[in-house]
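Let me begin by presenting the structure, written as structure tokens, before commenting on it.
The values are calculated or read from the model by the stated rules, or taken from the named source; none is laboratory data. Model, not experiment: these values are computed from the prediction. Here Cβ is always computed from backbone atoms with ideal geometry, including for glycine, and neighbour counts include all displayed protein chains.
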Amino acid sequence: MKKTVYFFVVFLLLCGACKREQVRLSGKFENANKRYLLLNKIEPDGVVFLDTILLLNGNFSHTFAEETVGLYGLKYNDTTSLFFIAQTADRLEFSGNARNFNTTYEVRGSEETQLFLEAIHRLNQFYSKTREWDAISYQEGYEQLLDSLYNQEFNAHKEYLTQIISQHKGKLISLLVFDQKIRGNAFFDAQKDRALLQEIYTALRKNYPKNVYVEYLNERLENQ
């Protein structure tokens, strides 16, 4: 009888572990002078602190539970957070140089994260161009040309984001890129592009029915 109870308890514990699969993080950051990272989850209504991760000579490893999918950040200092997307049972490997995370930060093990980082990188390149154009705009006669260049870049980036959404509608990346902006200007309008946003919601709900981002999107569509 005791053996039966023992095996039953073990079985329940194993089943509980199966339901809460662990996301595993590991990596090495060169020239890291910090002793720890802060792990945050970026939810629709704000940032939630999850844990502190020890950095030992730039190396770290950590596990946490994720039952669906989420957007996370590793906060290195007050001005630098390294974002990634993780879902159940992911194994992610991080690398980068703390002196220049903008061009060296990489994550292996998550296609969504790679797409997300590439979208951010392209957006930053576009933003850098607008800063250069700001300086030129003070010179007389360039306003019309610069407006034309801006519109070309804006439309090209929107087309790039549209392709990501089309190819990954059932993934969190589709919602994240839908909400990208450049200097306060959204590439998609929640009302004009409502049909596309509804498609994103339908696909996400099918894959992740009990997800905070899906619930947020549902409320967003209902309140429009």
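Taking region 171-214, which residues are exposed (fewer than 15 other Cβ atoms within 10 Å of the Cβ), in contact (Cβ under 8 Å) with a residue 12 or more places away in the chain and under 22 Å from Ala86 (Cβ atoms)?
Hits for region 171-214 are Lys206, Lys210.
When region 28-54 is examined, which residues are found to be of a type outside the set (A, V, I, L, M) and free of Cβ contacts under 8 Å to residues at least 60 places away in the same chain?
Of everything in region 28-54, those that are of a type outside the set (A, V, I, L, M) and free of Cβ contacts under 8 Å to residues at least 60 places away in the same chain turn out to be Arg35, Tyr36, Asn40, Lys41, Gly46, Phe49, Asp51, Thr52.
Being loosely packed, with under 12 Cβ neighbours inside 10 Å and of a type in the set (Asp, Glu) is the filter here, so list the residues in region 27-58 that pass it.
Across region 27-58, the qualifying residue is only Asp45.
Listed residues Ile136, Ile164; which is surrounded by 12 or more Cβ atoms within 10 Å (Cβ to Cβ), among the β-branched types (Val, Ile, Thr) and in contact with a helix residue (DSSP H, G or I) (Cβ under 6 Å, 6 or more places away or on another chain)?
Ile164
Is it true that Thr130 is of a type in the set (S, T, N, Q), surrounded by 13 or more Cβ atoms within 10 Å (Cβ to Cβ) and either modelled with pLDDT of 95 or more or within 28 Å of Ala203 (Cα to Cα) (or both)?
So Thr130 does not fit the description; no.
If the Cβ limit is 7 Å and pairs must be 6+ apart or interchain, which residue in region 101-127 that is on the phi > 0 side of the Ramachandran plot and surrounded by 12 or more Cβ atoms within 10 Å (Cβ to Cβ) pairs with which residue that is at pLDDT 95 or above and of a type in the set (A, V, I, L, M)?
Gly109/Leu92
Determine if region 107-129 includes at least one residue that is part of a strand (DSSP E or B) and not aromatic (Phe, Trp, Tyr).
For region 107-129, residues part of a strand (DSSP E or B) and not aromatic (Phe, Trp, Tyr): present.
Taking the criterion of being touching a residue at least 60 places away in the same chain (Cβ under 8 Å), assigned by TED's automatic domain parsing to the domain that holds Arg122 and surrounded by fewer than 20 Cβ atoms within 10 Å (Cβ to Cβ), would at least one residue in region 216-224 satisfy it?
Scanning region 216-224, I find at least one residue that is touching a residue at least 60 places away in the same chain (Cβ under 8 Å), assigned by TED's automatic domain parsing to the domain that holds Arg122 and surrounded by fewer than 20 Cβ atoms within 10 Å (Cβ to Cβ), so the answer is yes.
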